[in-house]
1. Please tell me if SER58 is of a type outside the set (Lys, Arg), on the phi < 0 side of the Ramachandran plot, exposed (fewer than 13 other Cβ atoms within 10 Å of the Cβ) and over 20 Å from the mean Cα position of the chain (by Cα).
2. Across region 185-220, which residue is modelled with the lowest pLDDT among those that are within 14 Å of HIS98 (Cβ to Cβ) and in a loop (DSSP other than H, G, I, E, B)?
3. Among all residue pairs at least 6 apart or on different chains, which show Cβ distances below 8 Å where the first residue, located in region 130-158, is closer than 11 Å to SER187 by Cβ and the second is of a type in the set (Asp, Glu) and part of a loop (DSSP other than H, G, I, E, B)?
4. So which of LEU6, LEU29 ends up being surrounded by 15 or more Cβ atoms within 10 Å (Cβ to Cβ) and either modelled with pLDDT under 90 or of a type in the set (Asp, Glu) (or both)?
5. SER326 is checked against (1) buried (at least 16 other Cβ atoms within 10 Å of the Cβ); (2) closer than 22 Å to TYR146 by Cβ; (3) at pLDDT 90 or above and fails just one. What number does that condition carry?
6. Inside region 124-167, can you point out the residues that are hydroxyl-bearing (Ser, Thr, Tyr) and either in a helix (DSSP H, G or I) or surrounded by fewer than 22 Cβ atoms within 10 Å (Cβ to Cβ) (or both)?
7. Go through (1) among the aromatic types (Phe, Trp, Tyr); (2) within 19 Å of the chain's Cα centre (by Cα); (3) surrounded by 19 or more Cβ atoms within 10 Å (Cβ to Cβ); (4) part of a helix (DSSP H, G or I) and name the single condition TYR232 misses.
8. If only one of ARG52, ARG61 is out of contact with any Asp or Glu (no Cβ under 8 Å at 6 or more places or on another chain), closer than 21 Å to HIS303 by Cα and basic (Lys, Arg), which one is it?
Amino acid sequence: MADHELMTMWTTKSDRESRSIETDRQLVLSRLQELTEKLLLPWRRNITNINRTRRALSVLRTKTEFVLTKENADIGSQVNLTLRKMEKLKMNRNMYKHLPKTLELSHYNTCSVVGNSGILLGSGCGNAIDHAQFVFRCNLAPITPYIKDAGRKSSLTTLNKSILDKRYGGLHRYNLTRFGRALKDYSGYIWIPLHSNLDRIPVTLTAAYLLRIGGLQVLLMNPDHYLGMQNYWTSRGITGYLTTGFYMTMVAIEMCDTVDLYGFWPFNTTGTGNNVNYHYYDDLVGTKAHNFSAEFSILNKLHHDGIIRINIRKCQNSAANSNNVSTEKSTIKVK
């Protein structure tokens, strides 16, 4: 076969593949545009559906089992690790003395759950987020440079071990200073998961110690509650480990009359074709440990059922220093 014939075949195949890729891209954009248009329709809270969802989730006993307390853990007891089911963490006296005696989730009229998607950039939603009575944040995301878009109020913030490793070098040497500076942006509670293997637990406990020194209140995940939530949603189609954003949304449904989500968008483009970073504050590539599409499908249904509201539009009148920011003290009743 002559070279020019090979070239003709290659060019034809290449053109065919290019057309196929472009067709797929247009199909994806069309579906994202349709999804976007539906999310932008007027939203109405549905108390019947909210109560039905709360009843379904009540088997997890979130109001009392969300975190470890002296009531659900004992000195010497074996605590599960969510990602290492064959390993157990022994509850020692030092850990136990810092646990709250009891837990009672307070109830709020309005809550914001702030995810970390790049869709937050340029949203101007900072004031809308802060206006909520209680604000959930995920993975100690930077606050100060992004107040206009992501707000500044923090009531409960999650802190995964992976953040301690990737962003703060496992809290070794000079990273302790960086970690200490980052904590100044936060108030309220810091929720620390117990996902990892035993050799990483000391880093988690060091972080807890530093958080307390910084005046923050530390809550340790109750792994049994997380695993219960994981099993609940696995049976409903979510494979992979739950993201903390999804997990906290389920907690918020129990705590709050109106739950507003910001920064929840698992796609790398908008419905208009603009690129969207995985995080609004860095260039990190998404992990494959989570099933983002399955989670968002469920969140999208909850949105259309009037249970939560996913905010993807730009917010109006969201000046960073607005006087409309809620100053009500956000508390979880622990003793």
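The values are calculated or read from the model by the stated rules, or taken from the named source; none is laboratory data. Keep in mind that this is a model prediction, so the values were computed, not measured. Note that we place each Cβ from the backbone using ideal geometry, even for glycine, and neighbour counts take in every protein chain shown.
1. Values: of a type outside the set (Lys, Arg): yes; on the phi < 0 side of the Ramachandran plot: yes; exposed (fewer than 13 other Cβ atoms within 10 Å of the Cβ): yes; over 20 Å from the mean Cα position of the chain (by Cα): yes.
When the stated conditions are applied, SER58 passes them.
2. LEU194
3. So the pair list comes out as ILE143/ASP185; ARG152/ASP185; SER154/ASP185.
4. Details: LEU6 fails: surrounded by 15 or more Cβ atoms within 10 Å (Cβ to Cβ).
Selected residue: LEU29, the only one of LEU6, LEU29 that is surrounded by 15 or more Cβ atoms within 10 Å (Cβ to Cβ) and either modelled with pLDDT under 90 or of a type in the set (Asp, Glu) (or both).
5. Condition (3) is where SER326 drops out.
6. We begin by selecting, within region 124-167, every residue hydroxyl-bearing (Ser, Thr, Tyr); these are 144, 146, 154-155, 157-158, 162.
Passing the criteria: THR144, TYR146, SER162.
7. Failing condition for TYR232: (3).
8. Values: ARG61 fails: closer than 21 Å to HIS303 by Cα.
Within the list ARG52, ARG61, the selection yields ARG52.
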